[in-house]
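I have placed the structure first, in the form of structure tokens, so that the comments after it can refer back to it.
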Amino acid sequence: MPLDRSYVGRSLPPTAPYQVGREKIREFATAIGADDPAYHDPAAAAALGYRDVIAPPTFPIVVTTAASQQLIDDPGLGMDYSRVVHGDQRFAYTRPVVAGDELVCVNTVEEITERGGHEFITTRTDVTTPAGEPVVTAWSKLVVRGEG
């Protein structure tokens, strides 16, 4: 079943606020081998001017996953997730993610294309505070492999 092209330009409802925890940042940093002291030690982060530990640049994948799940679970889109391969990920920051942040995500379908029998869906996830302060924008491209 092909992806429904009418989803291009559609934004999904905001996610519930995600409370960024210090331990979640530390665990993520450890898992990816990021040993910068500002990711682990509040004093090191404070020395750089932050109120608590800061998250590694790819940490927003933790919070943007909920926004992506809204789309994946939408039967109207027609995505067979068993055929999906992650194709690309980009982040554009307004400011770092800091422990104690509350983050809300809004996912927008930017493009759906087809090449070589495979479909490509590009989404943009705007990550903000509940008050609307921009934090980071993430783009993700998923490849839905063709059946042939």
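Just give me the residues in region 1-37 being hydrophobic (A, V, I, L, M, F, W, C), assigned to a helix (DSSP H, G or I) and under 17 Å from the mean Cα position of the chain (by Cα), in sequence order.
Of region 1-37, the ones hydrophobic (A, V, I, L, M, F, W, C) are 1, 3, 8, 12, 16, 20, 25, 28-29, 31-32, 34.
In the following step, the residues that additionally are assigned to a helix (DSSP H, G or I) were identified as 25, 28-29, 31-32.
Listed by number, the residues that qualify are 25, 28, 29, 32.
Among the listed residues 62, 85, identify the single one that is in contact with a helix residue (DSSP H, G or I) (Cβ under 7 Å, 6 or more places away or on another chain) and touching a residue at least 24 places away in the same chain (Cβ under 8 Å). Steps first, please.
Working: 85 fails: in contact with a helix residue (DSSP H, G or I) (Cβ under 7 Å, 6 or more places away or on another chain).
The conditions single out 62.
For residues in region 95-109 being closer than 9 Å to residue 19 by Cβ and of a type in the set (D, E, K, R), which is surrounded by the most Cβ atoms within 10 Å (Cβ to Cβ)? Even if it seems obvious, please write down each step before you answer.
First pass over region 95-109, keeping only residues closer than 9 Å to residue 19 by Cβ: 100-103.
With of a type in the set (D, E, K, R) added as a condition, the list becomes 101-102.
Details: 101: 23, 102: 13.
Step by step, filter region 95-109, then rank; the result is 101.
Give me the residue from region 67-84 that is part of a helix (DSSP H, G or I) and among the hydrophobic types (A, V, I, L, M, F, W, C) and, out of that set, surrounded by the fewest Cβ atoms within 10 Å (Cβ to Cβ).
Across region 67-84, the extreme among qualifying residues is 72.
Report every pair of residues separated by at least 6 positions or lying on different chains whose Cβ atoms are under 7 Å apart, first residue within region 119-148 and in contact (Cβ under 8 Å) with a residue 60 or more places away in the chain and surrounded by fewer than 17 Cβ atoms within 10 Å (Cβ to Cβ), second assigned to a loop (DSSP other than H, G, I, E, B) and not small (Gly, Ala, Ser).
Partner pairs satisfying both residue conditions: 130/17.
If you scan region 38-66, which residues turn out to be more than 17 Å from the chain's Cα centre (by Cα), assigned to a helix (DSSP H, G or I) and surrounded by 13 or more Cβ atoms within 10 Å (Cβ to Cβ)? Give the steps one after another, and end with the answer.
At the first step, the residues of region 38-66 found to be more than 17 Å from the chain's Cα centre (by Cα) are 38-53.
Then drop every residue that is not assigned to a helix (DSSP H, G or I), which leaves 38-39, 42-47.
Result: 38, 39, 42, 44, 45, 46.
Regarding region 112-125, can at least one residue be identified that is among the small types (Gly, Ala, Ser) and closer than 20 Å to residue 58 by Cβ? Let's see the steps before the verdict.
First pass over region 112-125, keeping only residues among the small types (Gly, Ala, Ser): 116-117.
Now restrict to residues that are closer than 20 Å to residue 58 by Cβ: none.
No, because not a single residue in region 112-125 is among the small types (Gly, Ala, Ser) and closer than 20 Å to residue 58 by Cβ.
What residue, among those in region 96-116 that are within 26 Å of residue 53 (Cβ to Cβ) and not in a loop (DSSP other than H, G, I, E, B), is nearest to the chain's Cα centre (by Cα)? Explain how you work it out, then say what you get.
So the first thing to find is which residues in region 96-116 are within 26 Å of residue 53 (Cβ to Cβ), and the list is 96-106.
Keeping just the survivors that are not in a loop (DSSP other than H, G, I, E, B) gives 98, 102-106.
Details: 98: 16, 102: 14, 103: 11, 104: 11, 105: 8, 106: 10 Å.
Looking at the filtered set, the residue picked out is 105.
Determine if region 86-95 includes at least one residue that is in a loop (DSSP other than H, G, I, E, B) and either more than 17 Å from residue 141 (Cβ to Cβ) or among the aromatic types (Phe, Trp, Tyr) (or both).
The first filter runs over region 86-95 and keeps only residues in a loop (DSSP other than H, G, I, E, B), leaving 94-95.
Subsequent filtering for residues that are either more than 17 Å from residue 141 (Cβ to Cβ) or among the aromatic types (Phe, Trp, Tyr) (or both) retains 94-95.
Looking through region 86-95, at least one residue is in a loop (DSSP other than H, G, I, E, B) and either more than 17 Å from residue 141 (Cβ to Cβ) or among the aromatic types (Phe, Trp, Tyr) (or both).
Answer yes or no: is there a residue in region 87-107 that is modelled with pLDDT under 95 and touching an Asp or Glu at 6+ places or on another chain (Cβ under 8 Å).
No, region 87-107 has no match at all.
Residue 147: farther than 18 Å from residue 63 by Cβ and part of a strand (DSSP E or B), yes or no?
Details: farther than 18 Å from residue 63 by Cβ: yes; part of a strand (DSSP E or B): no.
No, not satisfied.
The values are calculated or read from the model by the stated rules, or taken from the named source; none is laboratory data. The structure displayed is predicted, hence computed values, not measured ones. Heads up, the Cβs are rebuilt from the backbone with ideal geometry, glycines too, and the neighbour counts pull from every protein chain shown.
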